[in-house]
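This report refers to the structure that appears directly beneath it.
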Amino acid sequence: MDYNKEFYSCSILEDGLSFDRIGVTMCCCSFDKSGEGIIPYNGGELPIQKILERKEKIRQLNQTPERSNNCRGCGNLTLKKWRENKYLFNKLTITHTAHCQLKCFYCYNSDEGFVSENFGQVYNLFPVIKELYENKQLSPDSFIFWGGGEPTILKEFEELIDFFNTEGNFRQRLNTNGVKLSEYLSNHPLKEGSDMTCSVDSATRETYHKIKGVDCSDKVWSNLEKYAKLQPAFTVKYIVMQENLHEVELFAKRAKSIGIKRVMYDLNHKASEQNDEVINAVVTLIRLCNENGIITIPATPGLTYLGEKVKTKIENLLK
């Protein structure tokens, strides 16, 4: 692409890379099933040239009215003059395992017939990331997004989290289910600019069990309280849906009682529609949290992927 001119792209496509359970992908939030944005990979030497060629192919397709299969309909696709980067990668997504202690009904893990392609065979990432960093292909200012599966049960977790927390100026966004209390995270605050999020989606044991499929609500809330005391940017996430909208008030009170200062709100992407009852519950959650001195944050790329209509509706109701 000509970086002296405007073209359609997004920051993830420009300098991001996602380590997925089925390979490396050009985007961490694409629901494209065509394989256009996927390069098979199961560890070892990273196929960098193939990755760069695939990114360029997707960029070119995004300049057509149809867009690429990878990006069609995504709210992150933007027309502007993009900056050519010094480093190949400035954003990494680590989501190369589906292993998790929970069975949340809104997660792909709960889809009928789902089988993780690499179940029991999670490839090692630490040597790959370390090499990218040492070869100056990975920016020392990179943003690291942890997804999953559950990151804290990875064999390499402690090694990777320590590397990102001590080398360079990496910023991390760690998503955890909070079931396991990480020894590292219980003793080491994440570097400034990083944050940690746990999606609890409930205020009571009964609703937690219904949504998460496992009865461990009390254990998780206890771990949240411990993390909140040490991690300066600890966030509790609430995915508002029909099954938990009646608990938003109790959730806001419980979050305040254990010292939570940040709440992220999202919607269930599997829902066929986001009805008024759900949207109104989101607005109520935001107002209650703000009244209790808790900062509220919209989920990204979650709400972005749902489009401007939902986002605008929430904003208008808050006025």
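Could you identify the single residue in Lys311, Lys229 that is touching a Leu at 6+ places or on another chain (Cβ under 7 Å), surrounded by fewer than 17 Cβ atoms within 10 Å (Cβ to Cβ) and either part of a strand (DSSP E or B) or in contact (Cβ under 8 Å) with a residue 12 or more places away in the chain (or both)?
One residue alone meets the criteria, Lys311.
Can you find even one residue in region 234-253 that is surrounded by 20 or more Cβ atoms within 10 Å (Cβ to Cβ), within 30 Å of Asp276 (Cα to Cα), among the acidic types (Asp, Glu) and out of contact with any strand residue (DSSP E or B) (no Cβ under 6 Å at 6 or more places or on another chain)?
yes
If you go through region 258-274 one residue at a time, do you hit one that is assigned to a helix (DSSP H, G or I) and either aromatic (Phe, Trp, Tyr) or surrounded by fewer than 20 Cβ atoms within 10 Å (Cβ to Cβ) (or both)?
No, there is no match, as no residue in region 258-274 is assigned to a helix (DSSP H, G or I) and either aromatic (Phe, Trp, Tyr) or surrounded by fewer than 20 Cβ atoms within 10 Å (Cβ to Cβ) (or both).
What's the total number of residues in region 248-276 that are over 21 Å from the mean Cα position of the chain (by Cα) and at pLDDT below 95?
4
Of the residues that sit in region 121-149 and are modelled with pLDDT of 95 or more and assigned to a loop (DSSP other than H, G, I, E, B), which one is nearest to Phe19 (Cα to Cα)?
Leu125
If a residue has to be part of a helix (DSSP H, G or I) and farther than 11 Å from Ser9 by Cβ to count, how many in region 40-60 make the cut? Full working, then the answer.
Within region 40-60, the subset part of a helix (DSSP H, G or I) is 48-60.
Retained after the next criterion (residues that are farther than 11 Å from Ser9 by Cβ): 48-54, 57.
Residues that pass the stated criteria total 8.
Within region 209-225, can you find the residues that are crowded, with 16+ Cβ neighbours inside 10 Å and either closer than 21 Å to Lys261 by Cα or of a type in the set (Val, Ile, Thr) (or both)?
Ile211, Val214, Ser217, Val220, Trp221, Asn223, Leu224
The values are calculated or read from the model by the stated rules, or taken from the named source; none is laboratory data. Just so it is clear, the structure is predicted and the values come from calculations on it, not from any experiment. Please note: Cβ atoms are built from the backbone with ideal geometry, for glycine as well, and neighbour counts cover all protein chains shown.
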